[in-house]
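Trainee: Below: one structure in structure tokens.
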Amino acid sequence: MKQFAVIGCGRFGSSVARTLYGLGYDVMAIDRNEDVIQGIANAVTHAVQVDATDETSLKSLGLRNFDVAVITIGSDIQSSILITLIAKELGVKYVVAKAQNELHAKVLYKIGADRVVFPERDMGMRVAHNLVSSNILDYIELAPDYSIVEISALKEWEGKSLKDLNMREKYGMNVMAIKHGTEINISPNAADVIRKEDVLVVIGHNDDLQKIERKA
């Protein structure tokens, strides 16, 4: 079972820690604020009050034994960078760090972060896309030009097969999965028919996906 260390337990960090623990994983929550640690103690495996910028303290907690360290200190850029560096030097296999901006992200990647996240920006994008089109249920940016989108089936798609719709040619996107209620088809083929209330998980170029949003 994977072990996670979540360093910095503000709103985002505590949400990550609680969710991982709820999914059945071992989670150590680390924060310098005693009140924060008391507040999350019952929702994680271990909760420790410590200054994570102190390498000796992190070493004593056995941070090197964790599979993943999630560093969610975004506002204090200096501490975020220092803790990321310490985690990598201690030998944590996979380090995820929260960034405040693109420059912050570049530095985090330079010093070894395996993944950098922008929670506020990403949530803002999801909300904006949902506001533009009620058919867009979720939106994940993979790269500056490509994204994965969950989209409710358009009325004109209902009763037609993927072959009939020819998504790649007509819309410039590939269908990765089709969800119908609790059923999920993770390997749809050309003969699969789109039904009312289906949700399609598609990947495509942002320009093509925006055309679908406007159509929806």
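Trainee: Give the residue, chosen from 43, 97, 69, 105, that is in the same structural domain as residue 12 (by the TED database), touching a residue at least 24 places away in the same chain (Cβ under 8 Å) and within 23 Å of residue 147 (Cα to Cα).
Mentor: Working: 43 fails: within 23 Å of residue 147 (Cα to Cα); 69 fails: within 23 Å of residue 147 (Cα to Cα); 105 fails: touching a residue at least 24 places away in the same chain (Cβ under 8 Å).
Of the residues listed, the single one that is in the same structural domain as residue 12 (by the TED database), touching a residue at least 24 places away in the same chain (Cβ under 8 Å) and within 23 Å of residue 147 (Cα to Cα) is 97.
Trainee: When residue 111 is evaluated against the numbered criteria (1) outside the structural domain of residue 100 (by the TED database); (2) more than 25 Å from residue 186 (Cα to Cα); (3) at pLDDT 85 or above, which criterion, by number, is the only one it fails?
Mentor: Tallying (1) outside the structural domain of residue 100 (by the TED database); (2) more than 25 Å from residue 186 (Cα to Cα); (3) at pLDDT 85 or above, residue 111 fails exactly one: (1).
Trainee: Would you please name the residue that is modelled with the lowest pLDDT, looking only at residues in the stretch 116-165 that are part of a helix (DSSP H, G or I) and of a type in the set (Lys, Arg)?
Mentor: Going through the stretch 116-165, the residues part of a helix (DSSP H, G or I) turn out to be 119-132, 155-157, 162-165.
So of that shortlist, the ones also of a type in the set (Lys, Arg) come out as 121, 126, 155, 163.
Numbers: 121: 67, 126: 58, 155: 88, 163: 92.
Once the filter is applied, the top-ranked residue is 126.
Trainee: Look at the stretch 169-207 and say how many of its residues are in a loop (DSSP other than H, G, I, E, B) and among the charged types (D, E, K, R). Outline the logic, then answer.
Mentor: First pass over the stretch 169-207, keeping only residues in a loop (DSSP other than H, G, I, E, B): 172, 181-182, 186-192, 194-198.
Checking the rest, the ones that are also among the charged types (D, E, K, R) come to 192, 195-198.
Residues meeting the conditions: 5.
Trainee: Can you name the residue in the stretch 92-115 that is among the charged types (D, E, K, R) and outside any helix (DSSP H, G or I) and, of all such residues, is surrounded by the most Cβ atoms within 10 Å (Cβ to Cβ)?
Mentor: Start the filter on the stretch 92-115 by keeping residues that are among the charged types (D, E, K, R), which leaves 93, 98, 102, 106, 110, 114-115.
Now restrict to residues that are outside any helix (DSSP H, G or I): 93, 98, 114-115.
Numbers: 93: 14, 98: 27, 114: 16, 115: 12.
Result: 98.
Trainee: What number of residues in the stretch 161-216 are hydroxyl-bearing (Ser, Thr, Tyr) and touching an Asp or Glu at 6+ places or on another chain (Cβ under 7 Å)? Before the answer, list the steps.
Mentor: So the first thing to find is which residues in the stretch 161-216 are hydroxyl-bearing (Ser, Thr, Tyr), and the list is 161, 171, 182, 187.
Add one more test, that the residue is touching an Asp or Glu at 6+ places or on another chain (Cβ under 7 Å), and what stays is 161, 171.
Residues meeting the conditions: 2.
Trainee: Out of all the residues in the stretch 21-46, which are farther than 20 Å from residue 90 by Cα and of a type in the set (A, V, I, L, M)?
Mentor: Let us first name the residues in the stretch 21-46 that are farther than 20 Å from residue 90 by Cα, namely 21-25, 33-45.
The answer is 23, 36, 37, 40, 41, 43, 44.
Trainee: Considering only residues that are buried (at least 16 other Cβ atoms within 10 Å of the Cβ) and touching a Phe, Trp or Tyr at 6+ places or on another chain (Cβ under 9 Å), which ones fall in the stretch 1-39?
Mentor: Going through the stretch 1-39, the residues buried (at least 16 other Cβ atoms within 10 Å of the Cβ) turn out to be 3-9, 12-14, 16-18, 20-21, 25-32, 36-37.
Within the stretch 1-39, 3, 4, 5, 16, 17, 20, 21, 25, 26, 27, 28, 29 meet the criteria.
Trainee: Exactly one of (1) touching a residue at least 12 places away in the same chain (Cβ under 8 Å); (2) farther than 16 Å from residue 96 by Cα is unmet by residue 60. Its number?
Mentor: (1)
The values are calculated or read from the model by the stated rules, or taken from the named source; none is laboratory data. Quick caveat, the model's predicted, so the values are computed rather than measured. Glycine also receives a Cβ, built like all others from the backbone with ideal geometry; neighbour counts cover every protein chain displayed.
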